[in-house]
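Below: one structure, written as structure tokens.
Any read-out appearing in this document is the output of simple, stated calculations on the displayed coordinates, not a laboratory observation. The structure displayed is predicted, hence computed values, not measured ones. Here the Cβ positions follow ideal geometry from the backbone for every residue, glycine too, while neighbour counts run over all protein chains shown.
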Amino acid sequence: MRSGLAALLGMGVLAAVPPALGFHPYYLFLLSTAFLLAAVASAWNLLAYAGPISFGHAAFFGLGAYGAALASLGGLSPWGAIALGGLAGAAGAAGVGLLSIRLRGAYLALGTLACAELLRGLALIWSEVTGGGAGLAGIPALPVLPWLPRVLTEGRAGAYYLALALLGAALGLFALIRRSRVGLAFAALREEEERASLLGLRPLPWTLLAFALSGLVTALCGGLYAHVVRVVEPDLVFSRHYSILPLVMATFGGLHTLLGPAAAAIALYLLSELVLHPLLPALHQVGYALALIAVILYLPGGLAGLRRGGRRAHP
Amino acid sequence: MALGFSMILGVSRSLNLAHGDLVVLGGYVGYSLWAAAGLSPVLLLPVAALALAPAALVWDWLLKRTPEPKELSSLVLTFGLSLLLQTVMRAIWRGEYRLIAESSLGASLQLGTLALNRGRVLAAVAALAVVGLLWLALTRTRWGQAVRATSIDPQAAALVGINVDGARRSTFLLALGLSGATGVLFATLHYVHPAAGVELTLMAIVLSIWAGVGHLRSVLAAGLLLGMIEALTVTGWGPGWREPVVALMLLGSLLARSGGLARGHAH
Amino acid sequence: MPILEGRGVSVAFGGLSALRGVDVAIEEREVVGLLGPNGSGKSTLFNVLGGLLRPTSGEVWFRGQRITGGPPWVAGRLGIGRTFQIPRPFAGLSVLDSVLVGVTFRTRHRYRRAADRRAEAERLLGLVGLADKAGARAAALSLGEMKRLELAVALSSRPALLLLDELASGLSPKGREEVVLFYARLRERGMTIFAVEHSFGLLAQVADRMLVLDQGQIVVDGPPPAVLASPRVAAAYLGEEER
Ligand SMILES: Nc1ncnc2c1ncn2[C@@H]1O[C@H](COP(=O)(O)OP(=O)(O)O)[C@@H](O)[C@H]1O
Ligand SMILES: [Mg+2]
């Protein structure tokens, strides 16, 4: 409840930022990217809430970006295209989720990594559709919403508010799930899958649902990104960064918490871009790596979900 | 290369996702020494292996401290280390593609009607020699006994007076040394670049699954098989297919051996 | 017709055979005790009967359906509930949520309203004396409380049959008395129970019938007095309890 209020308050403050910055395009772009990463980290956290640790969210981001770009270039309206990309990501994620039938824990994580690498490789090869290494350019810009002041919906400010809205939606979805039966099923399967199934809970449909929801949000971010940057390339949207960063950010911010992953994402990204980047231009990614290493070694409480889920022999 | 990966897994139940990046690091170190000092590749092998010794100590120290379940936490931790290494390598070598283009290696070796590239022959001979030596060391020495005992049951090994920490540390030193040397060999045959490590890691995992952890002779056979599949893929469909095929093999192998990598113990 | 039946159940872990051709049949509303020295295969038998472990050979039937080797959620939905000898709590969940899982997702007597589910979960916690711990994290409970939670979780899916694995071991004498009371209360409600306990005396107070397992085989089957009189029991089991 309290975190819900904090979220609303935070959203309100963030909504007032663009006018305060005088719509400075660079800072708006930086912040909207931070919000997209925060939404992806929240989506990653939603999946982790149900148990699986993913090393392959780039697959879903890329599916969303390519799905939306192709649909948009094919003549669909950008909004419809982003939605379609989201569905592609959800379907792809559910497909990856099928791996959970045979794989658990670290091996499921490796499986998601392999899927992401596979998709990236295929996107590079299948150039008739994806444009190969050069990617797809000329994606139309998002249309201006007629019923809102132009200054809020055009260009960088528009992207800013859309990314913020998407982040809000991702957090809202997670908050709803945590309070519902779905969240109870996710948490029970995460904590002790066998016990939960002995109580009549069938794991697979719930795991697939978690993958699909997480993939949906991640792919919507990908679709929005494609329409903001207006080009997609395999090495850009299937970049391993979209697999590594959400993991870093969510574990750093606190697994399974509502706001931790999003807050950590925004803080780490801004720290990295605004502080580390000017200081050590080539090395600024080191911050993420160090954050992840520190959290694994020194904050085992922040990794409560990681410490379980291993296989044990039960007497 | 997979040997190092599978030894670490055996001894510390840690999956080292930065393995390929360490190999690439070895390649870059080798390249720099070769370019700066003109060392011959044969001399570069031990030098690059030694150069990774500090990294081995760091890896050992970090992986000893990962919480349970070891496999998953070590995976996350080394994912971070992989990112760290890639960033550092990109900062130092600016993402350039490097090749140890020693002309003596490019020459072909005439064996009857067979013309062989000397670099490849050197790589093959070195790999065989390493596997042979390692096999001898693991089966014939006290150190080998300690390492094998540690990977089967560290607590029992400690009870019978084996220095488990020492065995672990020396395994890391050896495994990362192998990676460094492999990196040099790799750099004589292929261009190295900072992002090449992931594919190498995936290959090491595939090999470990195929061969079963710590089985030296089967690692050799699996390595040959993987090399052949890779070569066929590249010549048949083009180099772009290499990455997806490796990823596909990893998926297939994981699903086929879902009991887990650590199931087969060393010997 | 028995509610639960194991036919010729054998389990081998590598070279070690934990169960060798065990036949058991539990009738509706029967309370059956299972005795046997450590390592005789009692928990393994429960794992097989509850659908967690596929036997090397043999079959398990529950109310006319074959459930051999799982999946576990089928056994759970059909009406088998169980506790674990070493408690397996939903460590990160609250005590109340741990019980809500079964209450929410059970197939029988499901409540549509969240308030009703919560009331039912609180009732179950009251039954095992954990009402004041509802908000605590399951992992933070003491062993005695954890065992009570095991029972509440097992009951939360409204099972027709309970497999109870050493509910009383590790408890204080007072805790053991309470366990006897639990057994009596469940029995009054017409629950079918198959229970492992280490103490012959405790089981004899509650069981209609007793089985003795030794080295993976049922060696004695009968009412408590007959089991006590059996020389096999003295040899295989009581000798150990004296120590
Ligand atoms: N998962 C397992 N893997 C290998 N051996 C096991 C496993 N579970 C139980 N055992 C062995 O099977 C035998 C029976 O164990 P168990 O059923 O737990 O006995 P009890 O509950 O009667 O004490 C023991 O020798 C035990 O070591
Ligand atoms: Mg037992």
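Quick look at the values:
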| item | result |
| --- | --- |
| Mean separation of Cα contacts under 8 Å (6+ apart) over length of chain A, as relative contact order % | 33 percent |
| Given 16 as the ceiling on other Cβ atoms within 10 Å, longest exposed-site-free region of chain A for trypsin sites (Lys or Arg not before Pro) in DSSP loops | A:103-229 |
| Prolate/oblate/rounded label for the stretch A:2-242 (Cα gyration tensor, a/c 1.5) | oblate |
| C:L228-C:T107 pseudo-label distance in nm [points 7 Å out on the Cα-to-Cβ vector] | 4.1 nm |
| Eligible lysines near C:K174 by straight Cα distance, threshold 27 Å, same-chain separation 8 or greater | C:K42, C:K133, C:K147 |
| Per-residue HN-Hα couplings for the stretch B:172-187 [Karplus 6.51, -1.76, 1.60; θ = phi - 60°; Hz; x = Gly/Pro] | 4, 4, 5, 4, 6, x, 4, 4, x, 5, 4, x, 4, 4, 4, 6 |
| Max mean-square fluctuation residue, GNM over chain A, Cα-Cα springs under 10 Å, options A:G51, A:G131, A:G97 | A:G131 |
| Distance between the stretch C:92-167 and the stretch A:273-293 - C-alpha centres, whole angstrom | 47 Å |
| Local net charge near C:L4, Cβ-Cβ under 14 Å (Lys/Arg +1, Asp/Glu -1) | 0 |
| Distance (nanometres) between label positions extended 7 Å along Cα→Cβ at A:A165 and A:L204 | 3.8 nm |
| Nearest-ten-degree value, helix A:203-229 long axis tilted from longest Cα axis of chain A | 20 degrees |
| Exposed-site-free run, longest, chain A (rule: chymotrypsin sites (Phe, Trp or Tyr not before Pro); DSSP loop; at most 15 other C-beta within 10 Å) | A:148-315 |
| Within the stretch A:77-110, backbone nitrogen closer than 20 Å to the virtual label 7 Å beyond the Cα of B:A256 toward Cβ | A:99-104, A:107-110 |
| Two-site label geometry, C:I86 and B:H190: point separation in nm, points 7 Å out along Cα→Cβ | 4.3 nm |
